[in-house]
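The values are calculated or read from the model by the stated rules, or taken from the named source; none is laboratory data. Remember, it's a predicted structure, so these values are computed and weren't measured experimentally. Because the Cβ atoms are built from the backbone with ideal geometry, glycine has one as well, and the counts that use them run over all protein chains shown.
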Amino acid sequence: MPGPVMVVYSEKFSAEGYPYLKHRIKPAFQALKELIQRGLVEVIEPTVNDQAVHLLERLHNRQHINDVRYSGHYDVSLLSLAGVVQGAELLAEGKYARGFAFVGAAGHHASPNGFWGFCFFNDVAAAIYHLREKGLKRFLILDVDPHFGDGTRNFFKNDKDVIHINFTTGTKNEIDEEFHNYDYGLSFNADDQEFEEALNQALGKQFDFDLMFVIFGHDSHVTDYGGFAFSDAAYPMLTRKVIEFCGQRPLLWVLSGGSDAGVATRVIPEVIKVLATE
Ligand SMILES: [Zn+2]
């Protein structure tokens, strides 16, 4: 048994989150009640502190940060970033083996100088910047949100020590072995089987890394808004494959796109249950 899964959560993610994304947050968290009662999940609440503000200023330029202030989503986006950073730190310190971070706004479309698509600050990039100061060097990011993680790519495309794997709607695979950028194109309305075959291909390689992130957008579900058409069964399948691939190394899932509260309420507890028990 891997021990309890750390879940990063704040009430503010549902109260103040990005409007299109926030309605799934509270019901999905409440659906973890049984796992919490059984001791399979421990909840940590993030806080905005000087460290988070300092990281934000290293990541994004002043114009970007000011534009987020004007958008009205600054506070919840900074709290989301802080949660991913604080969760990743607890994993790096060995306090937990696996974690799942809720967020109030997503991160993977946030570049150093610009943002779009319900994303404001790049939470995973912030965690990598922070963990490098703690001595970790190599990271793997598996982005299964059906939208291409362009912001994350803009941070790390020339960084050989960040392996960036995307699944996105498209017709071909683009593989850059030198800088470890891997994009797997899945057809529009791709089903579970097509996803599983692409995952086998992507995770069939050997990679050296200290900590793994999964950027988890359930907008890939057939009833959600993204371009894939996965069933509920795709998510425990994904989780088992990730666990097998990641082995004993620390693993952090970071919530990304998805607005269907029914999907979130079913698949997020299922993912966390697999993380806690297998
Ligand atoms: Zn998406």
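Conditions: (1) in a helix (DSSP H, G or I); (2) more than 16 Å from the chain's Cα centre (by Cα). Phe155 meets all but one. Number of the miss?
Failed condition: (2).
In this structure, does Asp219 turn out to be touching a His at 6+ places or on another chain (Cβ under 9 Å), within 30 Å of Leu56 (Cα to Cα), in contact (Cβ under 8 Å) with a residue 40 or more places away in the chain and crowded, with 17+ Cβ neighbours inside 10 Å?
yes
Select from the stretch 1-17 the residues that are surrounded by fewer than 22 Cβ atoms within 10 Å (Cβ to Cβ) and not charged (D, E, K, R) and list them in ascending order.
Residues satisfying the conditions are Met1, Pro2, Gly3, Pro4, Ser14, Ala15.
What number of residues in the stretch 147-178 are more than 18 Å from Phe230 (Cβ to Cβ), hydroxyl-bearing (Ser, Thr, Tyr) and modelled with pLDDT under 95?
Selection size over the stretch 147-178: 1.
Considering only the stretch 115-135, how many residues are over 15 Å from Leu90 (Cα atoms) and touching a Phe, Trp or Tyr at 6+ places or on another chain (Cβ under 6 Å)?
2
Sort out which residues of the stretch 115-145 are assigned to a helix (DSSP H, G or I) and either without any contact (Cβ under 8 Å) to a residue 12 or more places away in the chain or on the phi > 0 side of the Ramachandran plot (or both), and write them in order of number.
Arg132, Glu133
Select from the stretch 246-275 the residues that are buried (at least 24 other Cβ atoms within 10 Å of the Cβ) and of a type in the set (Gly, Ala, Ser) and write down the one among them that is nearest to Leu211 (Cα to Cα).
For the stretch 246-275, the residue satisfying everything is Ser256.
For residues that are out of contact with any Gly (no Cβ under 8 Å at 6 or more places or on another chain) and either part of a loop (DSSP other than H, G, I, E, B) or within 16 Å of the ligand (Cβ to nearest atom) (or both), tally how many sit in the stretch 91-114.
Number satisfying all stated conditions: 5.
Tally the residues that are farther than 24 Å from Ala234 by Cβ, within 16 Å of the ligand (Cβ to nearest atom) and of a type in the set (Phe, Trp, Tyr), restricting the search to the stretch 117-172.
Summing the residues that are farther than 24 Å from Ala234 by Cβ, within 16 Å of the ligand (Cβ to nearest atom) and of a type in the set (Phe, Trp, Tyr) in the stretch 117-172 gives 1.
Any residue that is farther than 14 Å from Leu255 by Cβ, surrounded by 15 or more Cβ atoms within 10 Å (Cβ to Cβ) and of a type in the set (D, E, K, R) - is there at least one of those in the stretch 51-63?
no
Can you name the residue in the stretch 109-124 that is in contact with a strand residue (DSSP E or B) (Cβ under 9 Å, 6 or more places away or on another chain) and either surrounded by 24 or more Cβ atoms within 10 Å (Cβ to Cβ) or hydrophobic (A, V, I, L, M, F, W, C) (or both) and, of all such residues, is nearest to Gly149 (Cα to Cα)?
Restricting to residues being in contact with a strand residue (DSSP E or B) (Cβ under 9 Å, 6 or more places away or on another chain) and either surrounded by 24 or more Cβ atoms within 10 Å (Cβ to Cβ) or hydrophobic (A, V, I, L, M, F, W, C) (or both), the top hit is Ala110.
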